[in-house]
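Here the structure comes first, spelled out in structure tokens, and everything after it is commentary.
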Amino acid sequence: MNKIIILILSFVGIFLGYFLFKSPSLPRVTRVIDGDTIELETKQIIRLVNLYAPELKHCGGPEAKAALEEIALNRPVRVDGSYNDDHGRLLSLVYDGDVSINEKIVRTGWAWFKSQATPESEKIKIISADNKVNKIGVFSDLCNAPTPPSPQCTIKANYNEGSSIYSYPGCGSYKNTKIELFKGDRWFCTEAEAIKAGFIKAKNCQ
């Protein structure tokens, strides 16, 4: 009889221990905002670290969002982050199993490396560099325009460290300026068009 009682108490202990001490379930991704931002079922907004993705209005933006939806939407994830950006988003590595979603979206080519110190930064940096060499995703001809759309439209306008700058043949920076459409860079036919779009003339223009 004592053995039966001990056996019953053991089962009860195991049963209670499972429900009292089991690991909490992982939150699911309920919304993909763009190619580098997600929302969890807890309503926490997550900005994926170590990468940039194009804004939705730029070349590759819709593709980046679609790729992240395929990778992350409705998946239970583990979040590794403790700092918020200026928009209140948690800057994080986000894991689906043992592999970070950060790595997965960069592997698609629709996001590229951003230098930040994390356990995944070197791996993501190498993946992004390979994508650039192989012209994958944002580095493909689709999102880069090395030549103007017409011979009359030779003004280069690009975003550089938060500044919107345009230059034309004869400007000191002109030859080295790349037009990367995935970053919002553009060609213009006249200075007036560039200025109207919010760009200012480079200081090294004659």
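Of the residues that make up region 28-40, is at least one under 13 Å from the mean Cα position of the chain (by Cα), open to solvent by 30 Å² or more (accessible area, probe 1.4 Å) and at pLDDT 95 or above? Checked against the condition, which is being under 13 Å from the mean Cα position of the chain (by Cα), open to solvent by 30 Å² or more (accessible area, probe 1.4 Å) and at pLDDT 95 or above, region 28-40 yields at least one hit. TYR159 passes every criterion in (1) open to solvent by less than 60 Å² (accessible area, probe 1.4 Å); (2) over 27 Å from VAL29 (Cβ atoms); (3) part of a strand (DSSP E or B) apart from (1).
Would region 65-87 turn up any residue that is part of a loop (DSSP other than H, G, I, E, B), of a type in the set (Gly, Ala, Ser) and out of contact with any Lys or Arg (no Cβ under 8 Å at 6 or more places or on another chain)? Before the answer, list the steps.
The initial filter retains those residues of region 65-87 that are part of a loop (DSSP other than H, G, I, E, B), namely 73-75, 77, 85-87.
Add one more test, that the residue is of a type in the set (Gly, Ala, Ser), and what stays is none.
Within region 65-87, not a single residue is part of a loop (DSSP other than H, G, I, E, B), of a type in the set (Gly, Ala, Ser) and out of contact with any Lys or Arg (no Cβ under 8 Å at 6 or more places or on another chain).
Within region 110-153, which residues are out of contact with any Asp or Glu (no Cβ under 9 Å at 6 or more places or on another chain), among the small types (Gly, Ala, Ser) and either in a helix (DSSP H, G or I) or surrounded by fewer than 13 Cβ atoms within 10 Å (Cβ to Cβ) (or both)? Correct list: SER115, ALA117, SER121, SER128, ALA129, SER150.
Per-residue answers, yes or no, for (1) within 20 Å of GLY184 (Cα to Cα); (2) touching a Phe, Trp or Tyr at 6+ places or on another chain (Cβ under 8 Å):
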{"site": "THR37", "(1), (2)": "yes, no"}
{"site": "GLN44", "(1), (2)": "no, no"}
{"site": "ASP80", "(1), (2)": "no, yes"}
{"site": "LEU90", "(1), (2)": "no, yes"}
{"site": "LEU93", "(1), (2)": "no, no"}
{"site": "ASP98", "(1), (2)": "no, no"}
{"site": "GLY137", "(1), (2)": "yes, yes"}
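State whether one or more residues within region 43-57 are part of a loop (DSSP other than H, G, I, E, B), over 13 Å from the mean Cα position of the chain (by Cα) and closer than 23 Å to ASN158 by Cα.
Initially, region 43-57 is screened for residues part of a loop (DSSP other than H, G, I, E, B), giving 43-44, 49-50, 53-57.
Add one more test, that the residue is over 13 Å from the mean Cα position of the chain (by Cα), and what stays is 43-44, 57.
From what's left, closer than 23 Å to ASN158 by Cα: 57.
Yes; the residues of region 43-57 include at least one that is part of a loop (DSSP other than H, G, I, E, B), over 13 Å from the mean Cα position of the chain (by Cα) and closer than 23 Å to ASN158 by Cα.
The values are calculated or read from the model by the stated rules, or taken from the named source; none is laboratory data. Just so you know, these numbers come straight off a predicted model, no measurement behind them. Using ideal geometry, Cβ is built from the backbone for each residue, glycine included, and neighbour counts are taken over all protein chains shown. Heavy atoms of the whole protein, side chains included, go into the accessibility calculation; ligands, DNA and RNA do not. Shrake-Rupley method; radii C 1.70, N 1.55, O 1.52, S 1.80 Å.
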